[in-house]
Structure formats: C-alpha cells, structure tokens
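Novice: Once you've had a glance at the structure underneath, I'll fire off some questions.
The values are calculated or read from the model by the stated rules, or taken from the named source; none is laboratory data. Everything numeric here is computed off the predicted structure, so don't read it as measured data. Neighbour counts run over all protein chains shown; Cβ positions are idealised from the backbone, glycine included.
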C-alpha cells in the first residue's frame, strides 16, 4: 500500500522505518531513500521470515522482517514504544541479532501535538485514503484540495490491512478511525484518539490475527454495535461476506 516501491537510489542511503517515528527524527533522513518496512515491497518473499518467527506472529510482523532481510537498509528508524506493539518491539531484538549490518535506531513517538486528520475525514475512496496517509510520512501530500465528507456512510477502525482488497468493500467517504487516524495525526500513542468512534456510523473494527489490538477492536465493536473482524493475511470469502452484509443492512437501517 502506498507509493513505497523500493528503487536502487543511486548513491542515496536506504533508510527503513517501522511504525510512525516522530517527524523530528524522520526529518534527519529526508535526503535518504525512505522505505516503509510495514508495507508490501515488490518481490519480497515471506518464506524466510515465517521460518524465523513463531506461527502466531501477525502478517505485518512477518512483513517487517521479510522486508528487512530482503532490502537490508543501512538504517532502520524504529518506533518501538507503546505507539506500535510489544511484538514489534521484540522483533527489534531479532533484527539486531540476525541482521547485524543494519543500524537499528530505537525511538518512541509519544507526541501529543496533533497534525490533523483531513485525509481520514475526506470523501475519497478508502484505498486512496490509506495510500495517501502512508505516503504522507515519506513525502508530504498536498491536502489543500481534499473535500470533507460531512455524513460518512461507514467507518473503518483499525490498522492497515495485510490484504488491501478489504478497502474495496467500503463506499467512498468511509471515515478512517483507530491507529490509522492516529498515524495521520502523528500521535500514534494517543489512546483516547484511537478509541474515538462517531455515533451512528456503521463501523468495522479490524485487526490482524494475533495483533494485540484485537482486544480493543472487539471491545469497541461491542460498545458501538459494530462488526469485529479478525483476519490473518488474505481476507477469506466468509470475512468479505460478513463485511458486505453488515454494511448493506446497517446502511439500509439509517
């Protein structure tokens, strides 16, 4: 997802990042070739990473390790605090031991200074919103032409999906909530914002299988009469059907 394809970068240092590092530390590497290790990179296989990790490592943790092994950036900026997850923090030890040539910079983004979430609240299709949000941390996106959606037809709460096809199930203008909203706001550790859910909007609460955010996703789904979806990697037909049916009947009821 996003415009993060790895290129040769003639003479430029390859710098990877995990999570949502602070803008201050990211600014130090703006002249480098930045690559988001959380997201799918062309031609990278998960096979070696899966062999090195336990079976209950989520798809995104597998992807981070696979991208690191394949791309071997000179530096990795790692937001390994409570703004990411414990599994990722432990993965940092694996990277340090198994890929010692990579310099791992551990940092914690506990910023409380909001940058706003105009992409999350715009009338764009959901897939485009997620792509813009993830691209924006690498190269600032022009948000001046964004049009807000005053009455969102649905909402998606959670983290980026390993299977990007999930976004196609939602109508344009779907509001983005949860960690993705915190990511655009550049406050990834803001639990109050992560728990924000607007009243009356049909909401899917999504987390990758084995992700600790499933605890919060299931709780909030019950609290707000939403649909909780726990998916590992590729979305199943059953999961697709549940989402489609929920959105169809909830929207008919409004």
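Novice: Would you confirm whether any residue within region 199-212 is surrounded by fewer than 18 Cβ atoms within 10 Å (Cβ to Cβ), touching a residue at least 40 places away in the same chain (Cβ under 8 Å), within 25 Å of residue 233 (Cβ to Cβ) and in contact with a strand residue (DSSP E or B) (Cβ under 8 Å, 6 or more places away or on another chain)?
Specialist: Yes, region 199-212 has at least one match.
Novice: Same structure, new question: Among the residues of region 120-131, are any under 17 Å from residue 19 (Cα atoms) and either in contact with a helix residue (DSSP H, G or I) (Cβ under 9 Å, 6 or more places away or on another chain) or in contact (Cβ under 8 Å) with a residue 60 or more places away in the chain (or both)?
Specialist: So in region 120-131, the residues under 17 Å from residue 19 (Cα atoms) come out as 130-131.
Within this subset, residues satisfying the condition of being either in contact with a helix residue (DSSP H, G or I) (Cβ under 9 Å, 6 or more places away or on another chain) or in contact (Cβ under 8 Å) with a residue 60 or more places away in the chain (or both) are 130-131.
Checked region 120-131: at least one residue is under 17 Å from residue 19 (Cα atoms) and either in contact with a helix residue (DSSP H, G or I) (Cβ under 9 Å, 6 or more places away or on another chain) or in contact (Cβ under 8 Å) with a residue 60 or more places away in the chain (or both).
Novice: Looking at (1) surrounded by 16 or more Cβ atoms within 10 Å (Cβ to Cβ); (2) modelled with pLDDT under 95; (3) assigned by TED's automatic domain parsing to the domain that holds residue 167, can you tell me which one residue 140 breaks?
Specialist: The single condition residue 140 does not satisfy is (1).
Novice: Criterion first (over 21 Å from residue 17 (Cα atoms) and within 13 Å of the chain's Cα centre (by Cα)) does residue 180 satisfy it? Before the answer, list the steps.
Specialist: Numbers: over 21 Å from residue 17 (Cα atoms): no; within 13 Å of the chain's Cα centre (by Cα): yes.
No, not satisfied.
Novice: Something else about it: Quick one: residue 224 ticks every box in (1) touching a strand residue (DSSP E or B) at 6+ places or on another chain (Cβ under 7 Å); (2) under 26 Å from residue 63 (Cβ atoms); (3) modelled with pLDDT of 95 or more except a single one, so which number is it?
Specialist: (2)
Novice: Just checking, does region 162-173 include any residue being without any contact (Cβ under 8 Å) to a residue 24 or more places away in the chain, buried (at least 16 other Cβ atoms within 10 Å of the Cβ) and not in a strand (DSSP E or B)?
Specialist: Scanning region 162-173, I find no residue that is without any contact (Cβ under 8 Å) to a residue 24 or more places away in the chain, buried (at least 16 other Cβ atoms within 10 Å of the Cβ) and not in a strand (DSSP E or B), so the answer is no.
Novice: If residue 251 satisfies all but one of (1) under 18 Å from the mean Cα position of the chain (by Cα); (2) more than 18 Å from residue 133 (Cα to Cα), what's the number of the condition it fails?
Specialist: (1)
Novice: While we're looking at this one, here's another question. How about region 55-77: which of its residues are assigned to a loop (DSSP other than H, G, I, E, B) and either at pLDDT below 95 or under 19 Å from the mean Cα position of the chain (by Cα) (or both)? Walk me through how you get there before you give the answer.
Specialist: Taking region 55-77 first, the residues assigned to a loop (DSSP other than H, G, I, E, B) are 55-58, 72-74.
Answer for region 55-77, where residues must be assigned to a loop (DSSP other than H, G, I, E, B) and either at pLDDT below 95 or under 19 Å from the mean Cα position of the chain (by Cα) (or both): 55, 56, 57, 58.
Novice: Which of (1) more than 13 Å from the chain's Cα centre (by Cα); (2) surrounded by fewer than 18 Cβ atoms within 10 Å (Cβ to Cβ) is the odd one out, the single condition residue 189 does not satisfy?
Specialist: (2)
Novice: Determine whether residue 32 is under 18 Å from residue 184 (Cβ atoms) and either more than 21 Å from the chain's Cα centre (by Cα) or without any contact (Cβ under 8 Å) to a residue 24 or more places away in the chain (or both).
Specialist: On the way: under 18 Å from residue 184 (Cβ atoms): no; either more than 21 Å from the chain's Cα centre (by Cα) or without any contact (Cβ under 8 Å) to a residue 24 or more places away in the chain (or both): yes.
So residue 32 does not fit the description; no.
Novice: I've got another one for you. Is it the case that some residue within region 193-211 is part of a helix (DSSP H, G or I) and at pLDDT 95 or above?
Specialist: So far as region 193-211 goes, yes, one or more of its residues are part of a helix (DSSP H, G or I) and at pLDDT 95 or above.
Novice: Also, quick follow-up: Inspect all residues belonging to region 36-46 and state whether any of them is surrounded by 16 or more Cβ atoms within 10 Å (Cβ to Cβ), assigned to a strand (DSSP E or B) and touching a residue at least 24 places away in the same chain (Cβ under 8 Å).
Specialist: Yes.
Novice: Residue 151 is checked against (1) touching a residue at least 24 places away in the same chain (Cβ under 8 Å); (2) part of a loop (DSSP other than H, G, I, E, B); (3) over 16 Å from residue 206 (Cβ atoms) and fails just one. What number does that condition carry?
Specialist: (1)
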